[in-house]
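Read through the structure below, which is laid out as structure tokens, and then see the notes.
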Amino acid sequence: MAKVLQIVERNRASSGLRLANYLIDFALCFSGTILFFGILAVVYSFITGSEIDEVTYQMESINGLVDRVLTMIVYAVLMFLTEWETKGRSVGKYITGTKVVKADDSPLTAMDLLKRSFSRIVPFDALSFLGKNGWHDSWSDTRVVKLKDFEKAKNLDTDINAIGMKESG
């Protein structure tokens, strides 16, 4: 178990990669949020028979706090769905070659990813990854690793253990 923890820790993604992940994912989630609320406006307009301009005006006039809360929830849900469907990878993580894993490399659960995604709502969480662990990593007991290096290190450890088993057997 200690060896697995060392492999995870040695192959963690740098702050620069984490920042790239954040910027890419934020831009895509921002676009997805605009698309989501645009579709919502069209559907609402169709159902109520209202003019689309009237609906968009009502949406633009929403309370600022309500707007921020709804946007953060949509962001968290989009990140959760993306990382759940791709088993720990978002678009940003695909581009940078990184992946979310459990700190002990056990399989990710929906609860792990829910904790991770909704922890992102906490103000300044995006800056917390500049330290050793981002808050959403710490609170969900997950880490972001450089995927190729991580897989290579795990395979090497498995090969070394297999040689040891042959030697003692």
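Computed values, structure above
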{"quantity": "Heavy-atom accessible area per residue - the chain, 1.4 Å, Å²", "calculated": "62"}
{"quantity": "Accessible area of the chain belonging to carbon and sulfur atoms, whole % at 1.4 Å probe", "calculated": "67"}
{"quantity": "Pairs of Lys in the stretch 10-169 closer than 13 Å at Cα, counting only those 8 or more apart or on different chains", "calculated": "8"}
{"quantity": "Packing rank of 109-121, 35-47, where each peptide gets the mean count of other beta carbons within 10 Å, highest leading", "calculated": "109-121, 35-47"}
{"quantity": "Helix-only mean residue ellipticity at 222 nm for the chain, each DSSP H run of n ≥ 4 adding -39500 (n - 2.57), per residue, nearest 500", "calculated": "-23000 deg cm²/dmol"}
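The values are calculated or read from the model by the stated rules, or taken from the named source; none is laboratory data. Please read all numbers here as calculations on a predicted model, not as lab measurements. We place every Cβ from the backbone using ideal geometry, glycine too, and count neighbours over all the protein chains shown. Each accessible area value is taken on the protein alone, full model and side chains, heavy atoms only, with ligands, DNA and RNA left out. Shrake-Rupley method; radii C 1.70, N 1.55, O 1.52, S 1.80 Å.
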